[in-house]
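What follows is one structure encoded as structure tokens, with my remarks underneath.
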Protein chains: 4
Amino acid sequence: MAKPINIAILGASGYTGVELLRFLLSHPHVRISALSGDSQAGKSMAEVYPHLIGIPLPALQKMEEIDFSGIDLVFCCLPHGTTQAVIAKLISEQGEARSGRGSGAMGVKTPANKLKIIDLSADFRLEDPAVYAQWYGHAHQAVALQKEAVYGLTEVAREAIRHARLIANPGCYPTSAQLPLIPLLKNKLIETGDIIIDAKSGVTGAGRKASQNLLYTELNEGFSAYGVGTHRHTPEIEQGLSAAAGSEIQVRFTPHLVPMNRGILSTIYVTLAEGKTVDDLRQTLQETYENETFVKILPASVFPSTAMTRGSNLCVMGVYADRIPGKAILVAAIDNLVKGASGQAIQNMNLLYGWDEGLSLPSTAVFP
Amino acid sequence: MAKPINIAILGASGYTGVELLRFLLSHPHVRISALSGDSQAGKSMAEVYPHLIGIPLPALQKMEEIDFSGIDLVFCCLPHGTTQAVIAKLISEQGEARSGRGSGAMGVKTPANKLKIIDLSADFRLEDPAVYAQWYGHAHQAVALQKEAVYGLTEVAREAIRHARLIANPGCYPTSAQLPLIPLLKNKLIETGDIIIDAKSGVTGAGRKASQNLLYTELNEGFSAYGVGTHRHTPEIEQGLSAAAGSEIQVRFTPHLVPMNRGILSTIYVTLAEGKTVDDLRQTLQETYENETFVKILPASVFPSTAMTRGSNLCVMGVYADRIPGKAILVAAIDNLVKGASGQAIQNMNLLYGWDEGLSLPSTAVFP
Amino acid sequence: MAKPINIAILGASGYTGVELLRFLLSHPHVRISALSGDSQAGKSMAEVYPHLIGIPLPALQKMEEIDFSGIDLVFCCLPHGTTQAVIAKLISEQGEARSGRGSGAMGVKTPANKLKIIDLSADFRLEDPAVYAQWYGHAHQAVALQKEAVYGLTEVAREAIRHARLIANPGCYPTSAQLPLIPLLKNKLIETGDIIIDAKSGVTGAGRKASQNLLYTELNEGFSAYGVGTHRHTPEIEQGLSAAAGSEIQVRFTPHLVPMNRGILSTIYVTLAEGKTVDDLRQTLQETYENETFVKILPASVFPSTAMTRGSNLCVMGVYADRIPGKAILVAAIDNLVKGASGQAIQNMNLLYGWDEGLSLPSTAVFP
Amino acid sequence: MAKPINIAILGASGYTGVELLRFLLSHPHVRISALSGDSQAGKSMAEVYPHLIGIPLPALQKMEEIDFSGIDLVFCCLPHGTTQAVIAKLISEQGEARSGRGSGAMGVKTPANKLKIIDLSADFRLEDPAVYAQWYGHAHQAVALQKEAVYGLTEVAREAIRHARLIANPGCYPTSAQLPLIPLLKNKLIETGDIIIDAKSGVTGAGRKASQNLLYTELNEGFSAYGVGTHRHTPEIEQGLSAAAGSEIQVRFTPHLVPMNRGILSTIYVTLAEGKTVDDLRQTLQETYENETFVKILPASVFPSTAMTRGSNLCVMGVYADRIPGKAILVAAIDNLVKGASGQAIQNMNLLYGWDEGLSLPSTAVFP
């Protein structure tokens, strides 16, 4: 067997960090070499996550204490806004930024000794510095890298991902919205002007921060809307859809919080393009994804539940006729921590190194 | 104190029946005189609901065994489709059907010895026999009563309710959708052509039927859509909205199932009428409901959660600007078993008998 | 109607505070005159609990800003350890401490103008200063009051409560353990040497503190033990049981955390006294509680669930034969926030003022 | 790679059946050749479990339609009581019953072409026909096989399992109780006369039967005891403990239902043997399980939660001092569907065929 690659996880003490570990610990080709967690530095992972007791892992370090010289791949799970400077520094110590985004013909494979980065934050997801500045309230601090970064929606950008140095791993809501919509927009099957995405997420999407409004007692037996009209995943969704449609798309997007740990379900209201039918939509989705391990199209009689994806890297979707002629409803479900975050990151890692794309990733839900 | 009125609950062994009991047991002016539950006839309520052990209540009977001669008020919690024949028979034994629906000027108060009926099924909610037949697959069997019945959305139809003989208690989804939309439509503040209602319900809405897909293990930690494009609450919503707007309205309505017992949250996408603002909408809602005990309008910074209504007769709503100019989002929450069913029925009973409208009805949520 | 009494709630921003409000807001004889919440001072209750929006309530103040001159009754919901000094100061400003605990013959009714206090903390629950010091790690700072305080387990200490000035409202676990055990010990029906209480609580028992281990995501879909062998409710339970038995009793007590908001269920393992049967136990419980509104004894075929008490002031219990001769199992359920805290406090208030003991207290569970 | 073994699952439409599939689908050495599900015969698995849509699997058949000639291994997930006749028939068609239970020296390896059976029902767990008859109310119908069957508590009976033809896979509660207790009893560290097991289970333990008392709405936000003093896992636990102790042991065992899908936590009250300490217990557990992949001993400061085992084959346990000298408390957690059922069955299969014992079995919990 080939030498395993050495992995560092920055921000390993958050939920996406520990979910990466769940997959990496059963992956045959990797070695977990460093874990950072600034506020918890010095602790073992088992002190931070008791369910990891007994598993040999490096202790948490401060980021600056990590020796990156032997590291092949960094998973970056740091907070939005702080990540760009960290990654810029890491890369500048390894070489210059290169043009990459969208250049399917990039061709040159990164030398094996070059550091690769899969960033799970939002920092490199938006291509346009102006859009970034508008939604995040400050100028992007690594604009060249922002240009280079490949947006890692695996099924859509597989070739670019294979050759990327810096992968901007998609957000959870955007993954659930883009996988059903992109093929329909590419094929001009739906109108671009009135897409509404009503999305519902489990609580892990909010992370592990000790916050009163995330307490069990505040959320259990309750369902609520939040961030109505202002959620930062909106431009990320619009960027992907606009690229697919070849024209500027604005969407209405409302997130909600469901009393469950894992799962996102997006209900998407669309208008059929002139002359198109719901069957056309379903057929296009089936054809687009027929060879995909992790995307399933349901028949018209079955509706997606997040439970069908729990703990797995699956995206399950269906398309349904509305009773108003010319209207259709798409419903897509994922596990926000897996296909919506760490699982897709592992899928991208597998692509990056030429391994079987599904290596160490569950494709059967933990049901019931 | 005046003589209490005698109440019969038909279909008392379902969730809306037992929720009626929760309120009626603390109501000062009623006596629970008969309870029917065909499949459980002969059992005590405590055998069917152990939490009622020790509370003196009549045993469950078959409906035909009930002596209605001393009954003043019937709450009808029978399944959809079977109710109309039952009620027609009850009323024909008491007198003739009278014209009533919508006739605010009806004037004549029902004599105290006349049977009154509050029906929690869907059987008398739709005015138009053709619409009923279309959605329920068979002709209505009591068309005269269907005409007479008053649709009991309390805050909207208070005067008609006071003088009704037969009240068609609104459905849960329709209550959550109509309370925010009706004032806006009446005041021409929103467009009528593109209303989308994305609604989410707790599981009690599905009743107490032993069914595999309602098992704890099937629903817990999962969120799903169901009945996409086909739910029977659609025409009920459209009827109310059309009446408010003075023109025919079609809506897109999608229900979802949330892993919680109680609560409905409806997220409603609307387009502002020419020249109108979100503030106009909020102000109209505030003015419409400012003297209501059970309807609360939230400020722009607070989003409704079903937890704010849990166990209470409240409807909590807010209106929010979308980031796309000219678009707004309404969010409304209720407890589906209370304001969405049994609580509103009690509210209507209180109106019917001239009592304080909130008598025995909680106006503070059971939170946390 | 008589003049309402004026109430202050200290620590109103916690869960027991807001649960007191749920009852007090529908109570006919009280006025909520002051609310303290040091860390939230200056805010309205609706800012702290959005479900209270629209309800007229005094704003939260710092404790020292409250004018107690017009206050008749204080509910004290402050943290353990800090309460004793606060209450000592309040009372010293109103008069001297008087001998009270256990003195059924105390006789003198407190003048109406004297401040009364119902303390929901643990500070005055333990009679013995040495036991207090041992479990809380510091000397009690109001020993005379500790002597005076009446332990407010309503059904057990009703007469003393009527005449108390300072009521130490029982803990949640101790309420669920003492109500079934005290009558059995008083009547010498069980052995005193090997009582084991395995107790399970919903998460509201832990309060509203922003703490990582109380996050929704950490607790949902998990069940755990905590504080094994060391929980501070142990001496409180032992004090009540010892008094009932007339001899020193030690118990084994283990608390657990259940993924639900409300409810405590205690499973209690006992050995029958020589010659006694499970039926003897059940009969004694039935006789003891037959006239109680809030205590229900289940038949042998029905097992308690916390759902039978949800949102209500009920305690539901059963006693069951073990298959090993001479052994029995008691199971008791309460809502920890109601009978285990704020509901019992209201029940005690009603006693204190000679009102109907159940005034404003639900005696039917919010089920389902 | 060697030829895969052919597997049939009888009763594949239940929760243990579908959980077996979750593991088998990622197992490199097996082929799923037949699935039975009498009431669902003719359907695809995806019709019965929509989360399996898209996975190629044999359709469900009636048991009698299965051709067992090519089958190497049967997992039997049939209801208790019906299984013994089925297995007796299967085996009689393949050869005679052989003496096996407990015969560590059995020696002869079953030829590869002989059918092997892993039974997940309770039918072959009890060695003694009289005990079986007493608890199940009828005589055992395959007494010779009952004698032959090896009780498959993997960590305890590894050698016997390797050579078994018929493995009686342990029950969920018994697994959680025996793994901590057996080493302590074998080493005479605890008294045998007063063991109490207070156990709490998630709802999947009750199976997928459409039953009113298993509805989401009946169980959510409630915690209850059930089967107090009468649960059929009691004799299974006592059999294992008695064998370990070398003397007859009776335990007190009470099961409870937790509002969660997966997980069992057993809290076990024991008395230390003369001169023994809690540290002795912990050390013995650590030594017993130090080389086990799936058993973890927690330090004294950490308490088990079922969340630490969710979705994995782990058993996590701790031992804690009670405050009463000479008493200790053991707490053990498993996922009832994995280590408590299908996971342990796979672990036993791996042993049976000489594969890595953990093949296809998760050893990291799905947390959060």
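Can you pull the semi-axes for the protein assembly as shown, root of five times each eigenvalue of the Cα gyration tensor, sorted largest first, whole Å? Walk me through the numbers before you get to the answer.
Values: eigenvalues 439, 385, 239 Å².
Each semi-axis is √(5λ); the values are 47, 44, 35 Å.
As I understand it, the value is the acute angle between the Cα axis of helix A:83-92 and the longest principal axis of the Cα atoms of chain A; what does it come to in degrees, rounded to 10?
Helix A:83-92 sits roughly 50 degrees off the main axis of chain A.
What whole-number distance in Å separates the alpha-carbon centres of the range B:12-77 and the range C:51-95?
After rounding, the separation between the Cα centres reads 44 Å.
Taking all protein chains in place and a 1.4 Å probe, what share, in percent, of the accessible surface of chain B do carbon and sulfur account for?
52 percent
How far is helix D:172-186 tilted off the main Cα axis of chain D, in degrees rounded to 10, range 0 to 90?
That helix lies at roughly 50 degrees to the long axis.
Once the other residues with Cβ under 14 Å from the Cβ of A:Ala273 are scored (Lys, Arg +1; Asp, Glu -1), what is the net sum?
Residues near A:Ala273 contribute -1 overall.
Which order do the peptides A:30-39, A:128-137 take when ranked by the mean count of other beta-carbon atoms within 10 Å per residue, highest first? Before the final figure, lay out each step's value.
On the way: A:30-39: 20.0, A:128-137: 14.0.
Final packing ranking: A:30-39, A:128-137.
Would you mind telling me which residue in A:Ala164, A:Ala333, A:Ala245 has the biggest mean-square fluctuation in a Gaussian network model of chain A, where springs connect alpha carbons within a distance under 10 angstrom?
A:Ala245
Where only protein heavy atoms count, and the probe is 1.4 Å, what is the accessible area per residue for chain B in Å²?
Per residue, chain B has 33 Å² of solvent-accessible surface.
Would you mind giving the mean number of other chain beta-carbons within 10 Å of the Cβ of each residue in B:250-260, as a whole number?
Average per residue, whole number: 6.
Could the peptides A:207-218, D:269-280, D:212-223 be put in order, highest first, of the mean number of other beta-carbon atoms found within 10 Å of their residues? It would help to have the intermediate numbers written out before the result.
Details: A:207-218: 18.1, D:269-280: 16.4, D:212-223: 23.2.
Sorting A:207-218, D:269-280, D:212-223 by mean packing, highest first, produces D:212-223, A:207-218, D:269-280.
Using a 10 Å cut-off around each Cβ of peptide B:50-60, what is the average number of partner chain Cβ atoms that fall inside? All intermediate terms of the calculation are to be shown ahead of the outcome.
Details: counts 14, 16, 5, 8, 11, 3, 0, 0, 0, 0, 0.
Taking the mean over all residues of the peptide, I get 5.
For peptide B:327-334, compute the average count of partner chain beta-carbon atoms within 10 Å of each residue's beta-carbon.
3
Roughly speaking, what is the centre-to-centre gap between the range B:128-195 and the range C:267-311 when only Cα atoms are used, to the nearest Å?
Each part's Cα centre sits 48 Å from the other's.
Considering the rotational relationship between chains A and B, which residue of chain A contributes the beta-carbon of minimal distance to the axis, and what is that distance to the nearest Å?
A:Asp198, 2
Starting from the amide H of C:Lys296, placed 1.01 Å from N in the peptide plane, find each other amide H under 5 Å away whose residue is 5 or more places distant or on another chain.
Those qualifying (amide H under 5 Å, at least 5 residues apart or on another chain) are C:Cys315, C:Val316, C:Met317.
Between their Cα atoms, which of A:Lys43/D:Lys276; C:Lys62/C:Lys114; C:Lys147/C:Lys327; B:Lys276/B:Lys339; B:Lys200/C:Lys43; C:Lys327/D:Lys200 are more than 25 Å away from each other?
Distance filter (> 25 Å) returns A:Lys43/D:Lys276; C:Lys147/C:Lys327; B:Lys276/B:Lys339; B:Lys200/C:Lys43.
Chains C and B: how much accessible area gets covered up at their contact, both sides added, probe 1.4 Å, in Å² to the nearest hundred?
Buried area (both sides, nearest 100 Å²): 2500 Å².
Relative to the first principal axis of the alpha-carbon coordinates of chain A, what is the inclination of helix A:233-245, with its axis defined by its Cα atoms, in degrees from 0 to 90 and to the nearest 10?
Approximately 60 degrees, to the nearest 10.
Put a label point 7 Å from Cα along the Cβ direction on C:Pro325, then list its distances to the equivalent points in the other copies in nm, shortest first.
Reported distances to equivalent positions: 3.5, 8.3, 8.9 nm.
Ignoring everything but the protein chains, give the 1.4 Å probe accessible area of D:Met45 in square angstrom, nearest 10.
10 Å²
Aspartates and glutamates within cross-link reach of C:Lys188: Cα-Cα under 20 Å, excluding same-chain residues under 8 positions apart?
In chain and number order, the partners are C:Glu155, C:Glu238, C:Glu248, C:Glu274, C:Asp279, C:Asp280, C:Glu287, C:Glu290, C:Asp322.
Quick check: convex hull of the Cα atoms in the range D:197-339, volume per residue, rounded to a whole Å³?
Dividing the Cα hull volume of the range D:197-339 by its residues yields 133 Å³.
Sorting D:Phe303, C:Phe253 by accessible area (1.4 Å probe), largest first, what list results?
So, going from the largest accessible area down, we get D:Phe303, C:Phe253.
The values are calculated or read from the model by the stated rules, or taken from the named source; none is laboratory data. Just so it is clear, the structure is predicted and the values come from calculations on it, not from any experiment. Please note: Cβ atoms are built from the backbone with ideal geometry, for glycine as well, and neighbour counts cover all protein chains shown. Heavy atoms of the whole protein, side chains included, go into the accessibility calculation; ligands, DNA and RNA do not. Shrake-Rupley method; radii C 1.70, N 1.55, O 1.52, S 1.80 Å.
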